[in-house]
Amino acid sequence: MKKHIPVSEPYLDGAEKEFVLDALEKKAISGFFGEYITRFEEGFAAYSDCSHGVAVTSGTTALHLALLALRVGAGDEVLVATTTNMATFFAVAYQNAKAVPIDIEEDTFNLDPAKLEAKITPRTKAIIVVHLFGHPVDMDPVLAVAKKHNLFVIEDCAEAHGATYKGRKVGSLGHIGCFSFYANKIITTGEGGMLTTNDPALAERSRSLRSLAFGKVNKFMHSDIGYNYRMTNLQAAVGCAQLGKIEDVIARKIKMAAFYTSRLSGEKSLRLPVTKPYARNVYWMYHVNLEGKAASRRDEILKDLREQGIETREGFIPYNLQEIFIKDKLTSPGDCPVAARLATTSFYLPSSPLITVEDMEYVANGLKDALNR
Ligand SMILES: *Cc1c(COP(=O)(O)O)cnc(C)c1O
């Protein structure tokens, strides 16, 4: 059989089956009833140093709900890290707010806090940071700018469950954290997400809007225009099992990264991921950048790897390069030059928590061959 090493695989060998069958047997299948939802919310919030967790259908809906809870809407501006899954920007678009892309740091690929202040106007209402590829954003300068200008801070933690900044968990540093539990994230519920916060009022408003804003006195006298963003008890059952081994997954990710780094650190044409002194990087994906002459050869190198059975993904295309937004004159490539440049030279390697040492060796050698061909 031809070799195939995937970029990621879900790690489902634990209590997932038992918990899902239990939920099924109890007929607790919806997002309304069942003990797994509360258990997952409380467990994951506590794990993330937060007092409240609101489970939702995806990372995208967690982000949308965060903006709804903070009443960010038309006429407001939101500063957003330009390099991300476009879901971060779509959430802003759902609210008819204006997204303002912020360029990234060369080494972490995260939002550069030094570039925030110049983009602030009287209409700026919030900042969305993205802890990309598992590495936390340098939060102290972000929080200082937010405090000075009275802005909300939303953390997109979809790739960084369990990452810490100066010892504090991501998702607990701003006003609201937004997590995804899509199949390839650090832990998964298939599809799913969670909003985390230490603010009880924001938690309550999010909880209400998540579930059609049903009335408190008469259920069917709704208190607002609500949404159905409820996670099902079946998904939460998977989540509870996954939460039980989150540190195991992270340990595997950190080992994976250390192995690749040990094998690839001599390669001049590769810039490897970093871990800043303030960070616990959970290495969602092992993301590298091509340097020098190799920088213009990404497509060729990825094709070579594909032929060797090594799956890869190109780096995210930042907001300022997305045609749908450029055509509407909302942005242009020059808005974030660092992100525009790195978008064409970066990619990530197979980073599954289940990858074997043998396969990592194969990937590292295959990549070196491709670089030197
Ligand atoms: C995956 C991801 C999302 C979207 O989450 P879904 O669960 O797929 O909706 C948002 N932001 C980032 C940074 C992501 O990686």
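The values are calculated or read from the model by the stated rules, or taken from the named source; none is laboratory data. This structure is a prediction, so every number in the text was calculated from the model and none was measured. Don't worry about glycine lacking a Cβ; one is built from the backbone with ideal geometry, like all the others, and counts go over all protein chains shown. Quick note on the areas: whole protein, heavy atoms, side chains included, nothing else; ligands and nucleic acids left out. Shrake-Rupley method; radii C 1.70, N 1.55, O 1.52, S 1.80 Å.
What about Val137, is it assigned to a strand (DSSP E or B), open to solvent by less than 10 Å² (accessible area, probe 1.4 Å) and within 16 Å of the ligand (Cβ to nearest atom)?
Working: assigned to a strand (DSSP E or B): no; open to solvent by less than 10 Å² (accessible area, probe 1.4 Å): yes; within 16 Å of the ligand (Cβ to nearest atom): yes.
Criteria not met by Val137.
Cβ separations smaller than 8 Å between residues 6+ apart or across chains give the following pairs from the range 96-107 residues that are at positive phi to residues that are modelled with pLDDT of 95 or more and open to solvent by 10 Å² or more (accessible area, probe 1.4 Å): Asn96/Gly73; Asn96/Ala74.
Of the residues that make up the range 45-58, is at least one touching a residue at least 40 places away in the same chain (Cβ under 8 Å) and in a helix (DSSP H, G or I)?
Filtering the range 45-58 for residues touching a residue at least 40 places away in the same chain (Cβ under 8 Å) gives 45, 47-58.
Add one more test, that the residue is in a helix (DSSP H, G or I), and what stays is 45, 47.
Taking every residue of the range 45-58 in turn, at least one turns out to be touching a residue at least 40 places away in the same chain (Cβ under 8 Å) and in a helix (DSSP H, G or I).
Kindly establish whether Ile301 is at pLDDT 95 or above and within 20 Å of Ser8 (Cα to Cα). The answer is yes for Ile301. Within the range 169-185, residues that are touching a residue at least 40 places away in the same chain (Cβ under 8 Å) and polar (S, T, N, Q) reach partners that are in a strand (DSSP E or B) and open to solvent by less than 10 Å² (accessible area, probe 1.4 Å) with beta carbons closer than 8 Å, at six or more positions or on different chains, in the pairs Ser172/Thr196; Ser180/Gly193.
Scan the range 73-108 for residues that are in a loop (DSSP other than H, G, I, E, B) and either under 20 Å from Gly193 (Cα atoms) or within 11 Å of the ligand (Cβ to nearest atom) (or both) and report the count. Reasoning before the result, please.
Initial filter on the range 73-108 (in a loop (DSSP other than H, G, I, E, B)): 73-76, 82-86, 95-97, 103, 105-108.
Next, from what is left, pick out any that are either under 20 Å from Gly193 (Cα atoms) or within 11 Å of the ligand (Cβ to nearest atom) (or both): 83-86, 95.
Going through the range 73-108 one residue at a time, the tally reaches 5.
Every test in (1) in contact (Cβ under 8 Å) with a residue 60 or more places away in the chain; (2) surrounded by fewer than 22 Cβ atoms within 10 Å (Cβ to Cβ) is passed by Asn233 save one, and that test is (2).
Output the residues belonging to the range 37-52 that are of a type in the set (S, T, N, Q) and open to solvent by less than 50 Å² (accessible area, probe 1.4 Å). Write out each step before concluding.
Taking the range 37-52 as the starting set, the residues that turn out to be of a type in the set (S, T, N, Q) are 38, 48, 51.
Residue satisfying the conditions is Ser48 alone.
Are any residues in the range 108-119 crowded, with 22+ Cβ neighbours inside 10 Å and free of Cβ contacts under 8 Å to residues at least 60 places away in the same chain, and if so, which ones? Listed by number, the residues that qualify are Asn110, Leu111, Leu116. Taken over the range 171-223, the criterion of being open to solvent by 50 Å² or more (accessible area, probe 1.4 Å) and on the phi > 0 side of the Ramachandran plot is satisfied by Leu212 alone.
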